[in-house]
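The block underneath contains the structure these notes are about, expressed in structure tokens.
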Amino acid sequence: MDDLDALALAMPETTKEVTDDGRPAYHVHGKLYCFHRGLRPDAVDSETGERLVDVLMFRVESLDVKEILLADDRRIYFTTPHFNGYPAVLVRIPDLARLDRDELEELVVEAWLTRAQKRLAKAWLAEHGTAQD
């Protein structure tokens with residue numbers, strides 16, 4: 001979570017809000033791009049049936065990107081019926097350790113790009129030598 005926090009806050013114009021119970025949410029221009037979900041009836045442990053308390057949501061560029069991530073053999077990314085048709089993936093906090101820092105950074109950057117103003121995103125991409133279609 002420390003890496004996630006550092007990576008998200010390194011993105012231009014990102015703000016962080018923390019709920020009363022300590023769950024972070026990251027915004028750019030007031031638009032949410034990553035957050036720690038609260039208890040939801042749609043995210044439960046398959047073995048115990050208990051609601052998951054450790055789920056992060058990341059915005060993704062498109063439903064196609066979502067499907068690619070969901071098909072990852074490591075089974076880090078998942079979704080729930082609540083997110084059907086919505087460009088976002090879910091990750092359990094303990095599974096962040098299964099991502100190397102570069103992969104986590106890519107996930108954060110891509111989430112940020114989905115919500116940042118076009119002018120800001122274009123400037124960031126140009127500064128970092130990255131082209132996006």
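The values are calculated or read from the model by the stated rules, or taken from the named source; none is laboratory data. Treat the numbers as computed from the prediction; the structure is a model and nothing was measured. Positions of Cβ are backbone-derived with ideal geometry, glycine not excepted, and every protein chain shown enters the neighbour counts.
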In this structure, does T114 turn out to be under 20 Å from E17 (Cβ atoms) and among the polar types (S, T, N, Q)? yes
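If only one of L52, L56, L32 is within 21 Å of H82 (Cα to Cα), over 16 Å from the mean Cα position of the chain (by Cα) and of a type outside the set (D, E), which one is it?
After ruling out the rest, the residue left standing is L52.
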Here is a list of conditions, (1) assigned to a loop (DSSP other than H, G, I, E, B); (2) of a type in the set (D, E); (3) modelled with pLDDT of 95 or more, and D20 meets all of them except one; can you say which number that is? (3)
Filtered residue count, the range 13-29, keeping only those that are touching a strand residue (DSSP E or B) at 6+ places or on another chain (Cβ under 8 Å) and either of a type in the set (D, E, K, R) or surrounded by fewer than 13 Cβ atoms within 10 Å (Cβ to Cβ) (or both): 7
Six or more apart or on different chains, Cβ under 8 Å: which pairs go from a residue in the range 96-124 that's in contact (Cβ under 8 Å) with a residue 12 or more places away in the chain to one that's acidic (D, E) and assigned to a helix (DSSP H, G or I)? Could you list them? L96/D3; R101/D3; L104/D3
Would you mind stating whether Y86 is surrounded by 18 or more Cβ atoms within 10 Å (Cβ to Cβ) and under 20 Å from A25 (Cα atoms)? no
Residue that is surrounded by fewer than 16 Cβ atoms within 10 Å (Cβ to Cβ) and on the phi < 0 side of the Ramachandran plot, where the choices are R74, R37, R115, R59: R74
So which residues in the range 15-36 are more than 20 Å from V89 (Cα to Cα) and touching a residue at least 24 places away in the same chain (Cβ under 8 Å)? H29
So which pairs qualify, if the first residue must be in the range 1-13 and farther than 10 Å from V108 by Cα, the second must be assigned to a loop (DSSP other than H, G, I, E, B) and aliphatic (A, V, I, L, M), the Cβ gap must be under 8 Å, and the two must be at least 6 apart or on different chains? P12/A116; E13/A116
